[in-house]
Each structure stands twice: as structure tokens, then as C-alpha cells.
Amino acid sequence: MSELRDKIVVFRSKISIGLALFIVSIPLGLFFFFIYASMWLGVVLLLPVFILISDLYLRTFYAISKDRLRIRSGMFFDLTLDIDSVSQITKTGSVMSSPALSLDRLEVKYGKGSIVIISPSDRSRFIERMLESNPNIEVKV
């Protein structure tokens, strides 16, 4: 077994500036409006929204160990897959809600027809590492 297969490799999510602006624009606009209108309760109520958004951007990653893929996005999404259950990795432009901070995405098929959409910043290295653990994965990128 190679040394690379024995350690955990973490891939951060690629970040799309356009998608980030879209996600932040409404709460940020409301925030400035509330400040302008001196609506301090509104400012305080928006703070948890900014905390959740910040948490998404700080803790969205994909970690590959010897035989597991862990997909983490913020405090509410944490999925661990057996890499042997992954059958296909396909490039997708799907806008479906997913643990991906970019629209430059990969669809990972696993189990009996389940999918998860991710956006690793180093796509080729991510796929290479997945294939080291499971060379039977069909790749369509």
C-alpha cells in the first residue's frame, strides 16, 4: 500500500465569486438597510445568517483517507462514503443545492443510485486520489 493511500488528503471546495455574491447579496443588502434605518433588531437578527454563511465557506471540504470520502459543508452537512461504493464521477453544471461553493462541479454516484455534487478546487488531483482507492470508478469529465 502506498504512503499516499495511508494518509488523509483534504481538498477545499472551489469558490465561485459569482455564487458567493449571489448567496451574500440579499442578507448584506438587508444588513445595510437596517443600519441605515436604525433598525438594530434587524441587524442583530441577521448575525446568525452571516455566521452560517461564514461557516459554509470555512468548513466545506472533501477529505479522502485510505477507503473513505468525507464530505463536509458547514455545521449541517457531513457525509462519509465508502470509496468502494463510488461507481462514477461526472462533470456537471447542475445548480442543485449541494456541498459545493462553485458551479464547476463533479457529480459523485455511489451506492444504489445516490448522488452528491461537490466542487474540489483541484479536480484532477481529487479524481486521481479517488482512483487510487477504487480504480473501478468510471470518470466522465
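Values quoted throughout were computed directly from the atomic coordinates according to the rules given, and no laboratory measurement underlies them. What you are looking at is a predicted structure, and each value in this text was computed from that prediction instead of being measured. Neighbour counts run over all protein chains shown; Cβ positions are idealised from the backbone, glycine included.
Label-to-label distance, Ser87 versus Asn134, with points set 7 angstrom from Cα along the beta-carbon direction: 1.0 nm.
If both residues of a DSSP beta bridge must be in the range 3-140, then about 90% of such bridges are antiparallel. Placing dummy labels 7 Å off each Cα toward the beta-carbon, the span from Asp55 to Phe22 is 2.3 nm.
May I ask for the net charge around Met75, where only other residues with Cβ less than 9 Å from the Cβ of Met75 are counted and Lys, Arg are +1 while Asp, Glu are -1?
Working: positive: Arg59; negative: Asp55, Asp78.
In short, -1.
Relative to the dominant Cα principal axis of the chain, helix 123-133 is inclined by about 40°. Where (1) 22.3; (2) 15.7; (3) 16.5 are the candidate values, the label of the one calculated here for Kirkwood radius over Cα pairs in Å is (3).
With charges only on Cβ, +1 for K and R and -1 for D and E, what is the dipole size of the range 3-140 about its Cα centre, in debye, rounded to 20?
Working: 17 positive and 13 negative charges, 19 e Å.
Dipole of the range 3-140, to the nearest 20 debye: 100 debye.
Highest mobility in the GNM of the chain, judged by mean-square fluctuation with C-alpha springs under 10 Å and restricted to Met96, Met75, Met39, is found for Met39. As a calculated quantity, the FRET efficiency between Asp122 and Ser94 at R0 = 25 Å, using C-beta atoms, amounts to about 0.80.
Taking the Cβ of Arg105 as the center, what net charge do the other residues with Cβ under 12 Å away carry, scoring Lys and Arg +1 and Asp and Glu -1? Write out the running numbers ahead of the final one.
Numbers: positive: Lys14, Lys91, Arg123; negative: Asp104, Glu107.
Cβ neighbours under 12 Å give a net charge of +1.
When each of Glu132, Glu107 is scored by the number of other beta-carbon atoms lying within 10 Å, the sequence from fewest to most is Glu132, Glu107. Could you check which residue among Ala63, Ala100, Ala37 shows the biggest mean-square fluctuation in a GNM of the chain with a 10 Å Cα cutoff? Looking only at Ala63, Ala100, Ala37, the largest GNM fluctuation is found for Ala37. Once the Cα atoms are used to define both axes, helix 40-58 deviates from the longest principal axis of the chain by about 20 degrees. The charge dipole of the range 13-74, taken about its Cα centre with unit charges on the Cβ of Lys, Arg, Asp and Glu (plus for the first two, minus for the last two), comes to roughly 380 debye.
Please tell me the relative contact order of the range 3-140 in percent, rounded to the nearest whole number, where contacts are Cα pairs under 8 Å and at least six residues apart. The partial results should precede the final answer.
Working: 225 pairs, mean separation 36.7, N = 138.
It comes to 27 percent, rounded to a whole number.
Ordering Thr60, Thr80 from the fewest to the most neighbouring beta carbons within 10 Å gives Thr80, Thr60.
Only lysine pairs 8 or more places apart or on separate chains count here, and in the chain those with Cα atoms under 22 Å apart total 11.
Compute the separation of the alpha-carbon centres of the range 30-47 and the range 90-141 and state it in Å as a whole number. The two parts, judged by their Cα centres, are 39 Å apart.
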